[in-house]
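*Asks:* Once you've had a glance at the structure underneath, I'll fire off some questions.
Where a number appears in this text, it was derived from the coordinates with a stated rule and is not lab data. Note that the structure is predicted; figures quoted are calculated from it, not measured. FYI the Cβ positions are ideal-geometry reconstructions off the backbone, even for glycines, and counts take in every protein chain you see.
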C-alpha cells in the first residue's frame, strides 16, 4: 500500500512536471522514499527530511535526492528549507504536519501544490498543534489537497508497470 500511496499522490494528485522543486518530509519512510525517487525519475529537484543522520545519508548518497537534512538538528525549519537550493517549493508531499507544514507554507512558490496523505506529528497528541501560516495559502495561491489511497486502487497496474522494471534493474531503489 505505501507504494501505491506514493504513486497515486505523486502522479495522479500532484500532477508533477519536469524541473519542479519538490520537498518530501519523512523521506526515510516507504512512501517518502518512493515519492522522492518518482520525482527524480521525472527530472525534479528533490530535497528530503528525516529524523536522523543515518536516515538522511542514504537519500543523498544512494537514492538520488539532491539534498536532505535532519529536521531534528534544525532549530528553525524555515531557515533549513531556505538553506537548500530549492529557492521556493513547487510541490510538497505532506506526511508530517505541525511545524514542518508551517515552515513549508513560508517557502511555497505562487500556485504551488501540497498533497496531504498524513500528519504523523499529530497522531499521538492530546491536542493538535495549530498552523500559524495558513494565510500563505491565499497569498501564494497554493492548492492543498488531501487524499486516501483507497480512492486509487484502480492505478495499481500502472504503478506496477512503472516500478517493476526498476526493481529488477536495481532492487534497492527505483531511480
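*Asks:* Cα centroids of the stretch 122-137 and the stretch 40-92: how far apart, whole angstrom?
*Replies:* Distance between centres, Cα-based: 22 Å.
*Asks:* By how many degrees, 0 to 90 and rounded to 10, does the Cα axis of helix 30-42 deviate from the longest principal axis of the chain?
*Replies:* 80 degrees
*Asks:* So, one more: Using a 7 Å offset from the Cα along the Cα-to-Cβ direction at both residue 111 and residue 78, what is the distance between the two label points in nm, to one decimal?
*Replies:* According to this spin-label approximation, the distance is 2.6 nm.
*Asks:* Using Cα pairs closer than 8 Å and at least 6 residues apart in sequence, work out the relative contact order for the stretch 2-169, in percent. Present the calculation step by step, with values, prior to reporting the outcome.
*Replies:* Values: 309 pairs, mean separation 36.3, N = 168.
Here the relative contact order equals 22 percent.
*Asks:* Quickly work out the residue 160-to-residue 141 label distance, labels modelled 7 Å from Cα along the C-beta direction, and quote it in nm with one decimal.
*Replies:* 4.1 nm
*Asks:* Taking the simple approach of a point 7 Å from Cα along Cα-to-Cβ for both residue 127 and residue 60, what is their distance in nm?
*Replies:* Going by the 7 Å Cα→Cβ label model, 3.8 nm.
*Asks:* Please compute the length gained on full extension between residue 167 and residue 70, using 0.36 nm multiplied by the number of residues separating them and subtracting their Cα-Cα distance.
*Replies:* Working: separation 97, 0.36 × 97 = 34.92 nm, distance 2.72 nm.
Gain on extension, residue 167 to residue 70, equals 32.2 nm.
*Asks:* Moving to a separate point now. Could you check how many percent of all C-alpha pairs in the stretch 1-139 are farther apart than 22 Å? Please list the in-between numbers first.
*Replies:* Working: 2900 of 9591 pairs.
Roughly 30 percent, rounded to a whole number.
*Asks:* Further question: Kindly provide the helix-only [θ] at 222 nm of the chain, computed as the sum of -39,500 (n - 2.57) over DSSP H runs of four or more divided by all residues, to the nearest 500 deg cm²/dmol?
*Replies:* On the way: 7 runs with 61 residues, N = 175.
Taking each H run of at least 4 residues, the total per residue is -9500 deg cm²/dmol.
*Asks:* So for each of 141-151, 119-129 I average, over its residues, the number of other beta carbons within 10 Å; can you give me the resulting order with the highest mean first?
*Replies:* Values: 141-151: 14.2, 119-129: 11.6.
Packing proxy ranking, top to bottom: 141-151, 119-129.
*Asks:* Beta carbons within 10 angstrom, averaged per residue: use that to sort the peptides 91-104, 69-82, highest first.
*Replies:* Details: 91-104: 23.0, 69-82: 15.7.
The peptides rank, most packed first, as 91-104, 69-82.
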